[in-house]
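Everything on this sheet refers to the single structure shown next.
The values are calculated or read from the model by the stated rules, or taken from the named source; none is laboratory data. Values in this document were obtained by computation on a predicted structure and should not be read as measured data. No Cβ is skipped: glycine too gets one built from the backbone with ideal geometry, and neighbour counts run over all protein chains shown. With ligands, DNA and RNA removed, areas are computed over all heavy atoms of the protein, side chains included. Shrake-Rupley method; radii C 1.70, N 1.55, O 1.52, S 1.80 Å.
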Amino acid sequence: MHLARFPRLHLAHLPTPLEPMKRLSKELGVEIWIKRDDCTGMSTGGNKTRKLEFLMAEAEAQGADMVMTQGATQTNHGRQTAAFAAKLGMDCHILLEDRTGYNNPNYNNNGNVLLDHLHGATTEKFAGGTDMVAEMERAAEKKRAEGRNVYVIPGGGSNPTGALGYVNCAFELLNQANERSLKIDRVVHATGSSGTQAGLVTGMCAMNAQVPVLGIGTRAPQEKQEQMVYDLACKTAEKLGCAGVVKREDVMANTDYVGEGYGLPTEKGIEAIQMFAELEGILLDPVYSAKGASGLIDLARKGEFKDERIVFLHTGGAVGLFGYDFAFDHESRWVSA
Ligand SMILES: *Cc1c(COP(=O)(O)O)cnc(C)c1O
């Protein structure tokens, strides 16, 4: 498999570290390593950086002078797209869907939104439930009519081009494992718009790695989530010239940790944030990585990973913490010694 056949911008800080989490492992009685894709660079990093290396290279190759994408108010993908656009001297417009209904000023202006604006992107707000794909098409057509060359990136950067970034991650992770003779029994990570898992699964299958990948859902029910990942994995394999390597049973998602809905913090997610922060000094975010980690923690406690060596892929998102400060307890930490 030859990824160099596809245009790519080498802007990510790679390879990302693969580190043991000794205190968390001891706490849970399962050996857990962490792949630090929260440290990929470009406006603090996160999983979208790997996708954008391929997506933005395509935008540049097509002569785009503007990129457009969409997501929830606190979209990490939007923030990272804005950073890439700044680096490449393109304009960036982000359509934001209000999926939570929060009036909180930090949710609406801090965290990722603050950084979108710092990178020079413009943002536009839409009510929850809006057909964002149609809105983005409309917005792009308007700009094209004004003479702009607009490159449109789907939500989460999840198409076969973006998923190449996670095919690349599968190669990188297996290399690290092989160099250290570190047998990996399973990879666990938060899954949303599906590009991360689709790319990882495609890469693992194409290399016959026999490393199962478990996605922990953050939005859709299981059947829908798995189908989305599978469909994108099939298209990604086709793009790579290895159609058919991914079987339906290679795609596994557990969606028991979504809680009340996308972007709404869960109790178990908050506990996961506190455990990672206090045991490992690592920051998670309430929308994705905390829900992923809450699945990891709960399944470990239930004995699902008995005698396995797990790699938790940290997909980033900690910038979102500053939009969710209201979800945490500060009171008990203010003391007079
Ligand atoms: C986008 C995102 C995910 C989900 O990745 P997908 O490729 O959309 O499935 C997970 N974690 C974080 C922090 C993200 O921003």
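For segment 70-82, the tally of residues that are closer than 23 Å to Cys169 by Cα, more than 10 Å from the ligand (Cβ to nearest atom) and either β-branched (Val, Ile, Thr) or open to solvent by 10 Å² or more (accessible area, probe 1.4 Å) (or both) stands at 1. Taking first residues from segment 309-337 that are on the phi < 0 side of the Ramachandran plot and partners that are open to solvent by 80 Å² or more (accessible area, probe 1.4 Å), the Cβ contacts under 6 Å between residues at least 6 apart in sequence or on separate chains come to Ala318/Leu283; Val319/Thr44. When you scan segment 166-177, do you find a residue that is more than 9 Å from the ligand (Cβ to nearest atom), open to solvent by less than 20 Å² (accessible area, probe 1.4 Å), at pLDDT 95 or above and closer than 23 Å to Ser294 by Cβ, even just one? The answer is yes; a qualifying residue exists.
Taken together, the criteria exclude Ala237 from residues that are out of contact with any Leu (no Cβ under 7 Å at 6 or more places or on another chain), surrounded by fewer than 17 Cβ atoms within 10 Å (Cβ to Cβ) and at negative phi. The single condition among (1) at positive phi; (2) free of Cβ contacts under 8 Å to residues at least 24 places away in the same chain that Gly120 does not meet is (2).
Considering only helices (runs of 4 or more DSSP H) fully contained in segment 11-121, which possess at least 1 residues that are within 18 Å of the chain's Cα centre (by Cα)?
Working: elements: 22-28, 48-61, 76-88, 105-109, 112-118.
Ranges flagged: 48-61, 76-88, 112-118.
Evaluating Ala85 against the criteria (1) touching a helix residue (DSSP H, G or I) at 6+ places or on another chain (Cβ under 8 Å); (2) open to solvent by 10 Å² or more (accessible area, probe 1.4 Å); (3) more than 16 Å from the ligand (Cβ to nearest atom) leaves one unmet condition, (2).
When segment 262-308 is filtered for residues that are more than 16 Å from the ligand (Cβ to nearest atom), under 25 Å from Lys48 (Cβ atoms) and in contact with a Lys or Arg (Cβ under 7 Å, 6 or more places away or on another chain), only Glu280 remains.
Considering each of Asp65, Asp91, Asp37 in turn, give the residue that is surrounded by 24 or more Cβ atoms within 10 Å (Cβ to Cβ) and either out of contact with any His (no Cβ under 9 Å at 6 or more places or on another chain) or of a type outside the set (A, V, I, L, M) (or both).
Numbers: Asp65 fails: surrounded by 24 or more Cβ atoms within 10 Å (Cβ to Cβ); Asp91 fails: surrounded by 24 or more Cβ atoms within 10 Å (Cβ to Cβ).
Just a single option satisfies the conditions, and that option is Asp37.
Among all residues of segment 256-268, there is none that is under 23 Å from Gly45 (Cα atoms), out of contact with any Pro (no Cβ under 7 Å at 6 or more places or on another chain), of a type in the set (D, E, K, R) and part of a loop (DSSP other than H, G, I, E, B). For first residues located in segment 100-113 and in contact (Cβ under 8 Å) with a residue 60 or more places away in the chain, partners that are among the charged types (D, E, K, R) and crowded, with 17+ Cβ neighbours inside 10 Å and lie 6+ apart or on another chain with Cβ distances below 8 Å form the pairs Asn112/Arg79.
Quick check, is Arg248 of a type in the set (D, E, K, R), surrounded by fewer than 18 Cβ atoms within 10 Å (Cβ to Cβ), in contact with a Leu (Cβ under 9 Å, 6 or more places away or on another chain) and modelled with pLDDT of 95 or more? Here the answer is no, as Arg248 does not meet what is asked.
Filtering segment 26-69 down to residues that are farther than 29 Å from Asp298 by Cβ and charged (D, E, K, R), which residue is farthest from the ligand (Cβ to nearest atom)?
Here is the first cut: in segment 26-69, the ones farther than 29 Å from Asp298 by Cβ are 41-43, 52-69.
Add one more test, that the residue is charged (D, E, K, R), and what stays is 53, 58, 60, 65.
On the way: Glu53: 14, Glu58: 17, Glu60: 22, Asp65: 26 Å.
Across segment 26-69, the extreme among qualifying residues is Asp65.
Scanning segment 280-305 for residues that are open to solvent by 10 Å² or more (accessible area, probe 1.4 Å) and either modelled with pLDDT under 95 or touching a strand residue (DSSP E or B) at 6+ places or on another chain (Cβ under 7 Å) (or both) gives a single hit, Tyr288.
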